[in-house]
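**Student:** My structure is below; once you've seen it, I'll send some questions.
What follows draws every value from the coordinates through simple rules; no lab data is involved. These numbers come from a predicted model, not from an experiment. We place every Cβ from the backbone using ideal geometry, glycine too, and count neighbours over all the protein chains shown.
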Amino acid sequence: MTAIPLVFALLAAGIWFAAIAERFASARRFPSAIVLAPLWQAARLLSQQRVRTEYPDALNWALAPLVYGALAVAGLSVVPFAPGLVVAPLDTGIVLWGACEALTIVAVFLHGWSANSMLPLIGGYRFVAIGLPAMLLSMFVLIAAALPAQSLAVGAIVESQRSMWNMVRQPLGLPLFLLLGLAISLRGPMDYGDASDLSGGTAAEVSGPHRLAWGIARLAMLTAFAAMGASVFLGGYLGPWLPGPAWLALKTAALLLVLTWLGCNLARMPAPRMMAALWLVLLPLSFLDLVIAGVEALL
Amino acid sequence: MGALANLILAMAVGAALLLPMLWWPMQLGGASGQSQQVPFLGGGSQSAHAWQRFHIRYYPMTLLFIAFEMEMMFMYPWAVVYVETGIKALAEMGMFLSILGVGIVYAWREGVFRWQ
Amino acid sequence: MAVRALAWLAERSATPVYIACGQDGDAMAARLAQVPAISLQHSIRHAAILLVAGPYRDADRPALRRLHDQLPHPRATVWWGAVPLAEAQDAVTIAQGDHPVARLRRLDRNLLRGERASEPDWLPDEPPNEWRGKGDHGQGGEGMMGGVPYGRPMAMMGEEMRDALMLDAMTITIGPFLRTLPPGLSLELTLQGDVIQQARVVTPAYPASGGASEPLLRAARMLESLGLPDLARRAQISAMRDSAEGLLAAARRCGALLALPAELADVRARLEAALRGGTAPDPGEEWLVDRLAGMEWQSALLRIASFDPATLAQIAPAAEPDEDEEDGDEKERAA
């Protein structure tokens, strides 16, 4: 219970931090007081009309950002801030996180579907094609991380890294996991839902407060993902001198920077090619990661 | 039980924080006419509604995906008992994965990953 | 009071603008790309101001009206080197040589504060197609088949070009003001899913203005479709300064060339040449519409954007030489 405010504090800080990092990475420094820029952008969207399209699926259109945001919160709920300090101390934390990833695909698809417009619809369908195999990758590397911990609980995985971080022990894990982060937060090279070649994809018909809600949900998912990655691969709350939550926040911020940089600096290949690359190159790599983790755990 | 209740509470709070943005009361400017609701296509128009039986070119891929999802269900318990069982577990999962790997190669040969 | 406070906060953010490029509009957009206080949007729904840049053709008027009405309130239109339409009341006009940033910022501020009224619709407030609703929900037919909910029919079945499955074919017109297409080019596409079955040129792209910066502006459009908005902006700024220095290396670092698959080798060659500030020659023997058949959305947009204006004028002229009968049937059914 005490961890719930912590979850929302981390989410709020992460959303703010990621929004600022995005501006820095893209060299778009307006206005000069960059720290307050997200607030001003939010005010702009709140003062704009929320457009409705012809015959939309209004209920699902409004539900999509809510589900997306709620899933980000659910994903963060299994991440421990300190030993025992966690919203939902589930033995099957990894399984819950996997379910959140899968349902995110549904939320993004619904967002594209509901507008009854061609560009968002293509975005929604295309995202499913990339989201499914990307999710597979992440589950393999997460299971690899669970091997030395002998548990599916995120807390146990963090504790298993007292001697050595999983990033070192399983070098393929984090890079593969980051790909999923880019995919489920619709970012840069893995942004097949809200892409610019579709004029904004699932968000192409969305304006004003609705767009703000969608943007916040996207950044919330990014933050939740970074916290999960920090816990599973970077030792989460473990660290000297500082208290656990501070270490988790620092590592989350570091991953947010990496993700933002990758998002701004990598080209997006056409979806069929990405789908083939995921199945034929990256999935075998995740098998390899599993083997490395398995052999390492037995030694 | 407590964990589940906390989880649901946190999700509900998250959704509740976003809800006002979808029910935002302050709106400047004029009314929304029917011409505003026309889908955006850069000045173009569509002759029919966008909702359709979309040709999902990747449907064979989704079948392959299901095979891997089922495998994932076996992997969860496997991961927990892996260290106790030792080398035998590694060999078992290696066999399982190589069978699925052959599946990927077969799917590739059949052109499953070619968007058609 | 609350509205005043919101406006005070909102006017500090960059002004979101959707630019409808007329003749030379591409170069005008590039002049705005280096202004941080203006952010050019890809969708009209994300903008507050419609900026019509450069002269447009008579044939583009209906598209311009449609585009204007799709803007969310509070909204305004600015005519930069373009003649306002008769519907535009209290029109804001700027000469082509002038820089519009100060005017755009002031207009944006006035809109947010409510000191300038939001523009009303230009088109009549009625469904886009004639309403012929029948049935329980006015869908005019049964299930997904047939019917005209909201004055628009549902998509109908058509044979798929590859596997001959009978699935819904959808005909849409994109452009002439879509930012990912060359300015002025409008295409009628018959889609099955996200793959183009058939294409037809509705209006051709604007003729080349002959500027030396054209290849870089073209490269910028391709980089946008590759998901590299920052590099695209850099290309636009380079175009204004007439120097492509370091651009190709930067594009390579981002994987812009690697991202293009072997089927798009022609696009890769043209992108590389454009980033150098030159143009890769194209025999121009095959029509654009034939080169698009069977392509997926992003690849198709990349290929369209890769042609230089001279080639585009040659392979995508206004009227297609031989429009087959099937196409005619298609239109009759839609009508």
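**Student:** What is the antiparallel percent of DSSP beta bridges lying wholly in the protein assembly as shown, to the nearest 5?
**Tutor:** Percentage antiparallel, nearest 5: 55.
**Student:** A follow-up question, please. I'd like the Karplus ³J(HN,Hα) series for region A:191-205: coefficients 6.51, -1.76, 1.60, θ = phi - 60°, whole numbers in Hz, and an x wherever there's a Gly or Pro.
**Tutor:** Going residue by residue, I get 7, 9, x, 9, 6, 6, 5, 9, 6, x, x, 5, 9, 5, 9 Hz, with x marking Gly and Pro.
**Student:** Another question about this same structure. Compute the projected area of the convex hull of the Cα atoms of the protein assembly as shown, averaged over all viewing directions, and report it in nm² to one decimal place.
**Tutor:** On the way: hull surface 129.3 nm².
Average of the hull's projected areas for the protein assembly as shown equals 32.3 nm².
**Student:** Which of rounded, prolate or oblate describes chain B when judged by the alpha-carbon gyration tensor and an a/c cut-off of 1.5? Before the final figure, lay out each step's value.
**Tutor:** On the way: a/c = 5.41, a/b = 1.52, b/c = 3.57.
Verdict is oblate for chain B.
**Student:** May I ask you to work out the translational diffusion coefficient for chain A at 37 °C, viscosity 0.692 mPa s, via Stokes-Einstein with Rh from the Kirkwood sum over Cα pairs, reported in whole µm²/s?
**Tutor:** Details: Rh = 19.4 Å.
For these conditions, the coefficient is 169 µm²/s.
**Student:** Taking a ≥ b ≥ c as the square roots of the Cα gyration tensor eigenvalues, with a/c under 1.5 meaning rounded and otherwise prolate when a/b beats b/c, else oblate, which class fits region A:199-284?
**Tutor:** Numbers: a/c = 2.89, a/b = 1.35, b/c = 2.15.
Since a/c reaches 1.5 but b/c is at least a/b, the shape of region A:199-284 is classed as oblate.
**Student:** Nearest 10 degrees, 0 to 90: what angle lies between the long axis of helix A:283-298 and the longest principal axis of chain A (Cα atoms)?
**Tutor:** Approximately 30 degrees, to the nearest ten.
**Student:** If you don't mind, another one. Under the rule of -39500 (n - 2.57) per DSSP H run of 4 or more residues, summed and divided by the residues of the protein assembly as shown, what mean residue ellipticity at 222 nm is obtained, to the nearest 500 deg cm²/dmol?
**Tutor:** On the way: 27 runs with 387 residues, N = 750.
The helix-only estimate for the protein assembly as shown comes to -16500 deg cm²/dmol at 222 nm.
**Student:** Using a cut-off of 13 Å between beta-carbons, work out the net charge of the residues near residue B:97 (Lys and Arg +1, Asp and Glu -1, residue B:97 not included).
**Tutor:** Counting the neighbours of residue B:97, the net charge comes to -3.
**Student:** Per-residue mean of other chain beta-carbon atoms within 10 angstrom of the beta-carbon, peptide A:6-17? Each step should come with its number before you reach the end.
**Tutor:** Numbers: counts 0, 4, 4, 0, 0, 2, 1, 0, 0, 0, 0, 0.
What the average comes to for A:6-17 is 1.
**Student:** So for region B:56-116, Kirkwood radius off the Cα pairs, Stokes-Einstein at 20 °C and 1.002 mPa s: how many µm² s⁻¹?
**Tutor:** Stokes-Einstein gives a translational diffusion coefficient of 166 µm²/s.
**Student:** Inside 10 Å of the C-beta atoms of A:186-194, what's the mean count of C-beta atoms belonging to other chains?
**Tutor:** Details: counts 0, 1, 4, 6, 1, 1, 2, 0, 0.
Neighbouring Cβ atoms belonging to other protein chains average 2 per residue here.
**Student:** How many nm separate the modelled label positions at residue B:13 and residue C:95, each set 7 Å beyond the Cα in the direction of the Cβ?
**Tutor:** Placing both labels 7 Å beyond Cα along the Cβ direction yields 6.1 nm.
**Student:** Sticking with this one: Once every Cα of region A:1-121 carries one equal point scatterer and solvent is ignored, give the base-10 log of I(q)/I(0) from the Debye formula at q = 0.17, 0.19, 0.22 Å⁻¹, two decimals.
**Tutor:** Normalising to I(0) and taking log10 leaves -1.09, -1.15, -1.17.
**Student:** Quick check on the exposure proxy: order B:83, A:281 from fewest to most C-beta atoms within 10 angstrom. The partial results should precede the final answer.
**Tutor:** Numbers: B:83 15, A:281 9.
Least to most surrounded, the residues fall as A:281, B:83.
**Student:** What's the center-to-center distance, using Cα atoms, between region C:298-312 and region A:50-128 in Å?
**Tutor:** 35 Å
**Student:** I need the chymotrypsin sites (Phe, Trp or Tyr not before Pro) found in region B:6-96, filtered to DSSP loop residues with at most 16 other beta carbons within 10 Å of theirs.
**Tutor:** Qualifying residues, ordered by number: B:23.
**Student:** When you look at the Cβ of every residue in C:67-79, what mean number of other chain Cβ atoms sits within 10 Å? Intermediate results must be reported in sequence, preceding the final value.
**Tutor:** Values: counts 6, 3, 7, 12, 7, 14, 14, 7, 6, 0, 0, 0, 0.
Across the residues of C:67-79, the mean count of other-chain Cβ atoms within 10 Å is 6.
**Student:** A follow-up question, please. Can you give me the C-alpha center-to-center distance between region A:230-254 and region C:57-107, rounded to a whole angstrom?
**Tutor:** Using only Cα atoms, the two centres lie 52 Å from each other.
**Student:** Calculate one ³J(HN,Hα) per residue across region C:75-92 by plugging θ = phi - 60° into the Karplus curve 6.51 cos²θ - 1.76 cosθ + 1.60, and present them in order as whole Hz with x for glycine and proline.
**Tutor:** 9, 7, 10, 10, 9, 9, x, 9, 7, x, 5, 4, 5, 6, 9, 6, 5, 9
**Student:** Among rounded, prolate and oblate, which fits region C:2-113 when a ≥ b ≥ c are the square roots of the eigenvalues of its C-alpha gyration tensor, a/c under 1.5 means rounded, and a/b larger than b/c means prolate? Can you show the working numbers first?
**Tutor:** On the way: a/c = 1.83, a/b = 1.42, b/c = 1.29.
Prolate, because a/c is 1.5 or more and a/b exceeds b/c.
**Student:** Still on this structure: For region C:182-195, what does the Karplus curve 6.51 cos²θ - 1.76 cosθ + 1.60, with θ = phi - 60°, yield as ³J(HN,Hα) per residue in whole Hz, taken in order and with x for Gly and Pro?
**Tutor:** For region C:182-195, the Karplus-derived couplings read x, x, x, 6, 10, 10, 9, 10, 9, 10, 10, x, 9, 10 Hz, x marking Gly and Pro.
**Student:** For helix A:93-114, what angle does its Cα long axis make with the longest principal axis of chain A, in degrees from 0 to 90 and rounded to 10?
**Tutor:** 10 degrees
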